[in-house]
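A quick write-up on the structure given underneath.
The values are calculated or read from the model by the stated rules, or taken from the named source; none is laboratory data. No experiment lies behind these values; they were computed from the predicted model shown. Neighbour counts are summed over all protein chains in view; Cβ atoms, including those assigned to glycine, are modelled from backbone coordinates with ideal geometry. Heads up: the accessible areas ignore ligands, DNA and RNA and are worked out on the full protein's heavy atoms, side chains in. Shrake-Rupley method; radii C 1.70, N 1.55, O 1.52, S 1.80 Å.
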Amino acid sequence: MNDDAVHITELRKNYGKFEALRGLNLTVPRGQIFGLLGANGAGKTTLIKVLIGLGRYHSGQVSVLGLNPQTQARSLRRQIGYMPQESALYEDLSARDNVRFFGRAHAIQNLEARIDQILEFVNLRERQHEAVHRFSGGMKQRVSLACALVHQPTLMLLDEPTAGIDPKLRETLWMHFRTLAAQGVTIIVSTHQMDEALHCDHIAVMREGVVLASDTPRGLLGRGTAHIKIWNGAQVVDETLAQYPEELPRLLQRFHLDPTVSRIEVVEDTLEDIILNLINGKVPAAS
């Protein structure tokens with residue numbers, strides 16, 4: 001557990017009679033980009049709020065950087081950066097003043113030099129003195145990221161950080177996330193955008209407050225199937241293989257390398273297919 005940024009066992013969290021987290025188990029190793037994927041309402045935001053100490057849970061065990069987020073929230077918040085789904089910026093303040101406000105909350109030494117550094121990192125030095133209300137949604141996301149990073153956290157929690165922004169800026173933000181991970185920062189990203197899964201080192205697929213599967217993108221791809229069509233003269237063989245690398249050779253052995261086999265077509269499940277099938281209950285969840 002000492003090597004884990006987050007370790008959760010049987011976590012339960014209710015809102016009245018609604019059970020938002022239902023015996024959730026999760027482990028996040030340090031230094032990874034870890035994706036939380038699931039449809040809206042899967043429990044991703046609730047989980048992030050528990051991890052940063054904003055949401056009290058009813059039962060289970062939660063360790064974040066070796067600390068309990070309910071009883072040691074103040075110590076924990078010095079080490080984590082949080083970028084919420086909804087902007088928490090002060091619209092009438094400049095980008096620099098917003099970052100300064102959050103930096104002062106952490107009593108950072110040499111704060112102005114640190115602000116210079118972080119605004120450079122998110123490519124906002126040229127517009128640092130403009131009021132945030134003049135910024136596009138994507139620029140506001142970069143200001144939010146700067147505010148979450150100003151105190152140099154070891155764990156970043158990002159709730160839908162690329163929602164509603166254009167593909168080019170999304171690519172830029174993911175470049176920032178990858179740079180941070182290379183520096184040893186653990187990043188937990190909540191998203192419902194399936195294409196972002198490939199940017200993550202590890203993925204947890206959530207539905208209705210539980211983790212259905214937790215694996216690398218390659219590991220999840222191994223849960224998919226391949227649809228095979230073989231044209232053998234006038235005959236067309238059409239099969240779906242669950243273990244494509246192992247089963248395809250056995251299928252081809254039936255034809256003994258017959259020269260009349262004129263075409264083979266293979267259509268594999270994409271990662272998005274597999275994640276959606278997990279969420280929709282078409283692929284067995286992890287035991």
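The table for this structure:
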{"read-out": "The listed residue being over 35 Å from the mean Cα position of the chain (by Cα), more than 25 Å from PHE177 (Cβ to Cβ), of a type outside the set (Asp, Glu) and part of a strand (DSSP E or B), out of VAL237, VAL267", "value": "VAL237"}
{"read-out": "Filter result for ASP238 (over 23 Å from HIS202 (Cα atoms) and in contact (Cβ under 8 Å) with a residue 24 or more places away in the chain)", "value": "no"}
{"read-out": "Neighbours by Cβ (under 7 Å, 6+ apart or cross-chain): first from segment 209-230, touching a residue at least 60 places away in the same chain (Cβ under 8 Å); second open to solvent by 40 Å² or more (accessible area, probe 1.4 Å) and part of a strand (DSSP E or B)", "value": "GLY209/GLU19; GLY209/ARG22; VAL210/ARG22; VAL211/ASN25"}
{"read-out": "Residue pairs meeting the criteria (Cβ under 9 Å; at least 6 apart or on separate chains; first more than 15 Å from GLU239 (Cα to Cα), in segment 254-266; second open to solvent by less than 70 Å² (accessible area, probe 1.4 Å) and in a loop (DSSP other than H, G, I, E, B))", "value": "ASP258/GLY233; THR260/GLY233; VAL261/GLY233; VAL261/PHE255; SER262/GLY233"}
{"read-out": "Residue ranges of strands (runs of 3 or more DSSP E) in segment 1-65 with at least 1 members in contact (Cβ under 8 Å) with a residue 12 or more places away in the chain and either more than 23 Å from GLU196 (Cβ to Cβ) or more than 18 Å from the chain's Cα centre (by Cα) (or both)", "value": "4-15, 18-29, 59-64"}
{"read-out": "Enumeration of residues in segment 67-78 that are assigned to a loop (DSSP other than H, G, I, E, B) and open to solvent by less than 70 Å² (accessible area, probe 1.4 Å)", "value": "ASN68, PRO69, GLN70"}
{"read-out": "Top-ranked residue of segment 94-105 - restricted to ones that are modelled with pLDDT under 95 and within 26 Å of the chain's Cα centre (by Cα), ranked as nearest to HIS151 (Cα to Cα)", "value": "GLY103"}
{"read-out": "Residues of segment 87-104 satisfying the condition of being without any contact (Cβ under 8 Å) to a residue 40 or more places away in the chain and open to solvent by less than 80 Å² (accessible area, probe 1.4 Å)", "value": "LEU93, SER94, ARG96, ASP97, ARG100"}
{"read-out": "Members of segment 21-44 found to be surrounded by fewer than 23 Cβ atoms within 10 Å (Cβ to Cβ) and either of a type in the set (Ser, Thr, Tyr) or over 17 Å from PRO161 (Cβ atoms) (or both), listed by number", "value": "ARG22, GLY23, ASN25, LEU26, THR27, PRO29, ARG30, GLY31, ALA39, GLY41"}
{"read-out": "Residues of segment 95-116 classified as outside any helix (DSSP H, G or I) and hydrophobic (A, V, I, L, M, F, W, C), total", "value": "2"}
{"read-out": "Odd one out for TYR57, checked against (1) of a type in the set (Phe, Trp, Tyr); (2) over 26 Å from VAL205 (Cα atoms); (3) touching a strand residue (DSSP E or B) at 6+ places or on another chain (Cβ under 9 Å)", "value": "(2)"}
{"read-out": "Some residue of segment 172-191 being among the hydroxyl-bearing types (Ser, Thr, Tyr), more than 25 Å from LEU65 (Cα to Cα) and either assigned to a helix (DSSP H, G or I) or at pLDDT below 90 (or both)", "value": "yes"}
{"read-out": "Matching option when the condition is open to solvent by 10 Å² or more (accessible area, probe 1.4 Å) and at negative phi, among ALA182, ALA146, ALA197", "value": "ALA182"}
{"read-out": "Hits in segment 149-163 (condition: part of a loop (DSSP other than H, G, I, E, B), surrounded by 24 or more Cβ atoms within 10 Å (Cβ to Cβ) and either among the basic types (Lys, Arg) or within 20 Å of the chain's Cα centre (by Cα) (or both))", "value": "PRO161"}
{"read-out": "Hits in segment 117-143 (condition: charged (D, E, K, R) and either assigned to a loop (DSSP other than H, G, I, E, B) or buried (at least 20 other Cβ atoms within 10 Å of the Cβ) (or both))", "value": "GLU130, ARG142"}
